[in-house]
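Before any comments, here is the structure.
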Amino acid sequence: MFPTPCNWLLRQNKLLKFQNTLPVLDELVGGLHPGQIIELCGPSGIGKSQVCWHLIRDCLNAGKNVAMISSRKIQDYDLENLPNLSNLSISYVSSVYNLLISLAAVNSMSVSLVVIDGIQPLLQAVLGSANFKGQALLNEVKCGIGTVSVKSLVIYTNGLVSVGDGNHGPALGRAWEVAPSVRIMMLRDREGGRVMWRNREVTARLEIGDQGVEISWN
Amino acid sequence: MALPITSLPIPQSTVRYLSSRNVVYLSDLLKTLPWLDSYNEESVILQMEELNLPEVHRRLLTDFLINHLHQTAFQAPQIGKKLVPIITFSSSLDSLLCGGIFPNEIVEFLGEPGSGTSQLCMQLAVDCSIPEMFGGRACKSLLIDCNGDTCNIRLKQMAKATLTHLNLIARSAEEKDITSKLTVDELLSKVYTARCTNYTQLIALINTVSKDCNYGAIIIDALATHFRHEFEDMRQRTNIIAEFSNKLHKLCIDAPVSLIIVNQVRMDGEGSIQPCLGESWSHTATRRIFLRRVSTDVYSATIMKGKRSGETANFRISSRGIRDCPAH
């Protein structure tokens, strides 16, 4: 990347930023704009993909481009009621190497939002191998996401693992903890509702409806 | 982004050869990266030939470029034609599943022993072979049996009951024509069963099936059986399960097959019921359904993840198979 003047970068940011209908999430993560890498981690079935689809719909409504990298097939019922489907590009990946190639390809597209759904199974398969290649690939993915995030907002979903004493933490280990700029943990509280935490301090409540998600302060 | 060649899945000998020729990034190798213009297989082959590499390296690189780049190409989605689900023969369960089990999805059924999971597997395997005229998928199904619960006699019993049902609901002359020619033998000829006695057999079976999958549904009965007790090294187990989950996803993306996986449950420290195989596995399925036995032949299904999460439906298991509960 060449040295670029700041005002040019800010102008480009303004062009790629899109209006969203989740003001609470906007404040929770410190702004939904290019340059941010947001990780949504939570147990299975809590609504990480639902939040992603809500943001995709907002971005398509604003007429901007979206790139989605998914490790699972996207069903037709996720795609109905989405406007401007031609602005959405989907790439299916089934291994880390595919993910790296897709990230390299996204760099040459100009998209406002990049969603990587289900990053955990891709990376988990190479971690813990006997040599250090797993960590090296993890680093490659981090760098790849970082490069993409210069021009776009990147959101990806991760899973949870238990870290002893009944506590939960993000999957993929210590080396991955520094990968996102903001990590949002999604958990179920005692009554069964869904809460989103940032840094274990700030919380918001999540409700999933037919039309999308609703996030409100706790 | 500059993709270093060390991050590509090519053998070390090729990487060493390329570094000896001062190639560090993928962009050093190819003048125009195939994802910049519209993807063109011929241009990749031509560029590789111009480079004058030794035959073995050239072939490996060309294969890799064509396979991986083709798989991960970005495309705009198209909403396809209407997908036909696999029904379960219980209308309350079908409406809970929004119609049944659709192609290209992975559905996980959980339950304690005796909660109807194996019976449901056998019913779904038989339901795949229902002819298209009656709203079925008329495809082959593969039932992978890991713990010996599949009974061929029960499959035949269910197929007989299905045929009787089809004969009863046939109205038009075409439909009656089809059902008169249909036999139990023909229905069962589309149901394939395979028995696996350890996890390597299971993985080998999925590998073979993935190469050219012409099944409409693959049902794995009790995935947890081989993973629960055989592993001393938990990390190895997590890695194997993660790799397996990647293979299953790839299978679903490439072919219009429904994957139905039955998992077992365990008690955790606080006495609550948790699915087996850990948190990392729980992200694989797109829908998860918990089965429970309510009374002698009444069972309930609750959706834990997916559309209509939290809702429950009851069904009955009779000698004919899975059916609705009689309305009181």
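The values are calculated or read from the model by the stated rules, or taken from the named source; none is laboratory data. As the structure is a prediction and not an experimental result, all values here were calculated from the model. Note that each Cβ is placed from the backbone with ideal geometry, even for glycine, and that neighbours are counted across all protein chains shown. Just the protein is used for accessible areas: all its heavy atoms, side chains included, with ligands, DNA and RNA removed. Shrake-Rupley method; radii C 1.70, N 1.55, O 1.52, S 1.80 Å.
Things worth noting here:
- Condition met for residue B:220 (assigned to a helix (DSSP H, G or I) and either over 16 Å from the mean Cα position of the chain (by Cα) or of a type in the set (Val, Ile, Thr) (or both)): no
- Residues of the stretch A:120-144 that are more than 10 Å from every other protein chain (Cβ to nearest Cβ) and open to solvent by less than 10 Å² (accessible area, probe 1.4 Å): A:138 alone.
- Residue B:117 passes every criterion in (1) within 14 Å of chain A (Cβ to nearest Cβ); (2) under 21 Å from the mean Cα position of the chain (by Cα) apart from (1).
- Identity of the residue in the stretch B:262-282, part of a helix (DSSP H, G or I) and more than 7 Å from chain A (Cβ to nearest Cβ), that ends up most open to solvent (accessible area, probe 1.4 Å): B:278
Residues are listed down the side, and each one gets a yes or a no for (1) within 9 Å of chain A (Cβ to nearest Cβ); (2) within 17 Å of residue B:107 (Cα to Cα); (3) open to solvent by 60 Å² or more (accessible area, probe 1.4 Å); (4) part of a loop (DSSP other than H, G, I, E, B):
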| site | (1), (2), (3), (4) |
| --- | --- |
| B:213 | no, no, no, yes |
| B:239 | yes, no, no, no |
| B:249 | yes, yes, no, no |
| B:260 | no, yes, no, no |
| B:284 | yes, yes, no, yes |
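- Residue pairs meeting the criteria (Cβ under 9 Å; at least 6 apart or on separate chains; first assigned to a helix (DSSP H, G or I), in the stretch A:7-19; second β-branched (Val, Ile, Thr)): A:9/A:150; A:12/A:4; A:16/A:111
- Condition check for residue A:63 on (1) more than 14 Å from chain B (Cβ to nearest Cβ); (2) surrounded by 21 or more Cβ atoms within 10 Å (Cβ to Cβ): one failure, at (2).
- The single condition among (1) open to solvent by 10 Å² or more (accessible area, probe 1.4 Å); (2) part of a helix (DSSP H, G or I) that residue B:84 does not satisfy is (2).
- Members of the stretch B:215-237 found to be closer than 25 Å to residue B:290 by Cβ, open to solvent by 30 Å² or more (accessible area, probe 1.4 Å) and away from chain A (no Cβ under 12 Å), listed by number: B:225, B:228, B:229
- Enumeration of residues in the stretch A:114-140 that are among the aliphatic types (A, V, I, L, M) and modelled with pLDDT under 90: A:119, A:122, A:123, A:125, A:126, A:127, A:130, A:136, A:137, A:138
- For residue B:182, the conditions (1) within 26 Å of residue B:262 (Cβ to Cβ); (2) open to solvent by less than 30 Å² (accessible area, probe 1.4 Å); (3) touching a residue at least 40 places away in the same chain (Cβ under 8 Å); (4) of a type outside the set (Asp, Glu) all hold with the exception of (1).
- Tally, over the stretch A:79-108, of residues that are closer than 15 Å to residue A:150 by Cβ, within 7 Å of chain B (Cβ to nearest Cβ) and in contact with a Ser or Thr (Cβ under 8 Å, 6 or more places away or on another chain): 2
- Of all residues in the stretch A:193-210, none are surrounded by 10 or more Cβ atoms within 10 Å (Cβ to Cβ), closer than 20 Å to residue A:145 by Cα, away from chain B (no Cβ under 13 Å) and touching a residue at least 24 places away in the same chain (Cβ under 8 Å).
- Scanning the stretch B:293-318 for residues that are among the hydroxyl-bearing types (Ser, Thr, Tyr) and open to solvent by 30 Å² or more (accessible area, probe 1.4 Å) yields a count of 5.
- Test: residue in the stretch B:255-263 that is in contact (Cβ under 8 Å) with a residue 60 or more places away in the chain, closer than 30 Å to residue A:70 by Cβ, of a type in the set (Ser, Thr, Tyr) and touching an Asp or Glu at 6+ places or on another chain (Cβ under 9 Å): yes
- When the stretch A:152-170 is filtered for residues that are at pLDDT 85 or above and outside any strand (DSSP E or B), the ones remaining, listed by number, are A:152, A:159.
- Residue in the stretch A:1-9 that is open to solvent by 10 Å² or more (accessible area, probe 1.4 Å), modelled with pLDDT under 85 and touching a strand residue (DSSP E or B) at 6+ places or on another chain (Cβ under 9 Å) present: no
- Within the stretch A:171-182, considering residues that are open to solvent by 30 Å² or more (accessible area, probe 1.4 Å) and away from chain B (no Cβ under 13 Å), the one modelled with the highest pLDDT: A:181
- Pairing each residue of the stretch B:236-251 that is at positive phi with any residue that is surrounded by fewer than 20 Cβ atoms within 10 Å (Cβ to Cβ) and part of a helix (DSSP H, G or I), provided the two are 6+ apart or on different chains, yields no C-beta distance under 8 Å.
- Counting only residues that are in contact with a Leu (Cβ under 8 Å, 6 or more places away or on another chain), of a type in the set (A, V, I, L, M, F, W, C) and open to solvent by 10 Å² or more (accessible area, probe 1.4 Å), the stretch A:66-96 holds 2 of them.
- Any chance residue B:111 is closer than 20 Å to residue B:129 by Cα and away from chain A (no Cβ under 13 Å): no
Rundown of residues vs (1) outside any loop (DSSP other than H, G, I, E, B); (2) over 28 Å from residue A:167 (Cβ atoms); (3) touching a Gly at 6+ places or on another chain (Cβ under 9 Å); (4) free of Cβ contacts under 8 Å to residues at least 40 places away in the same chain, yes/no style:
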| residue | (1), (2), (3), (4) |
| --- | --- |
| A:31 | no, yes, no, yes |
| A:38 | yes, no, no, no |
| A:64 | no, yes, no, no |
| A:67 | yes, yes, no, no |
| A:73 | no, yes, no, yes |
| A:86 | yes, yes, no, yes |
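- Of the set (1) under 22 Å from the mean Cα position of the chain (by Cα); (2) outside any loop (DSSP other than H, G, I, E, B), all apply to residue B:58 but (1).
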